[in-house]
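Read-outs throughout are calculated quantities, based only on the coordinates presented, and are distinct from any laboratory measurement. What you are looking at is a predicted structure, and each value in this text was computed from that prediction instead of being measured. Cβ sites come from the backbone with ideal geometry, for glycine too, and all protein chains shown count toward neighbours.
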Amino acid sequence: MKRIAIFASGRGSNGLKIINHLKNSSEHEVSTILSNNSTSGIIESAIKLDIPYLAFNRNDFYRSQEVLEYLKNYEIDYIILAGFMWLFPEYLIENYPEKVLNIHPSLLPKYGGKGMYGMHVHRAVHEKREEYSGITIHFVNPEYDKGRILLQTKVKLSKEDTPEEIESKVLRLEHHFYPRIVENYCK
């Protein structure tokens, strides 16, 4: 059984899709949820689903080993970022080489990097009148959105699409592909 930890900062819709996708799996288990936001939707979901969770602050994450010790205590095999907004520290990447995955709401390298998340991305795509947008699922390395790409898939946009409509189209891709990539990769 491969044990998975999900990191999220907000509502956690991708995390929930992964949890629901894997809930009957005999090969995978979402063992814990971690968040840098103690009032996030993903923490509320963890409580409702009776999944252990850890809410941590910046000091816990960057200046101590608390998060790593927590992950080791739960014997975590893979880390999945699902809307986690902080740069992942090198000490965690080194302890989980090629075992930390992230999803980004654009076709990287376009619209990636610090500050490019959520509606910031969709507004930028809208302003440039891109013909396509999409998702990128990639490994995490010490730089924002620069890890090796596992999957990119795109969706056609229309000139009339608002940033909110772009977000909706991209979120459908995220919810469809991310749980399946997690399941296939974490074997």
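Observations on the structure shown:
- 16 Å cut-off, amide nitrogen to a point 7 angstrom out along Asn73 Cα→Cβ, residues in the stretch 3-25: 5-6
- Once you reduce the stretch 146-185 and the stretch 113-144 to the center of their Cα atoms, the two points are 10 Å from each other.
- Computed over the alpha-carbon pairs of the chain, the distance histogram in 5 Å steps reads 1, 8, 17, 21, 21, 15, 9, 5, 2, 0 percent, short to long.
- Approximate spin-label separation Lys128-Arg172, in nm, with each point projected 7 Å along Cα-to-Cβ: 2.3
- Residue exposure proxy: Arg148, Arg123, ordered by other Cβ atoms within 10 angstrom of their Cβ from fewest to most, comes out as Arg148, Arg123.
- With 0.36 nm allotted per residue and the present C-alpha distance subtracted, the Met119-Asn24 stretch has 30.9 nm of extension available.
- Label-to-label distance for Asn184 and Ser38 is 4.0 nm, based on points extended 7 Å past Cα in the beta-carbon direction.
- Each of the peptides 109-116, 73-80 was scored by the mean count of other Cβ atoms within 10 Å over its residues; in descending order, highest first, they stand as 73-80, 109-116.
- Kyte-Doolittle mean at least 0.0 and Cα axial length at least 20 Å: DSSP H helices in the chain: none
- Between Phe61, Phe139, Phe84, the residue with the greatest mean-square fluctuation in the GNM of the chain (Cα pairs under 10 Å linked by springs) is Phe61.
- Here the residues His21, His176, His122, ranked from fewest to most Cβ neighbours within 10 Å of their Cβ, fall in the order His176, His21, His122.
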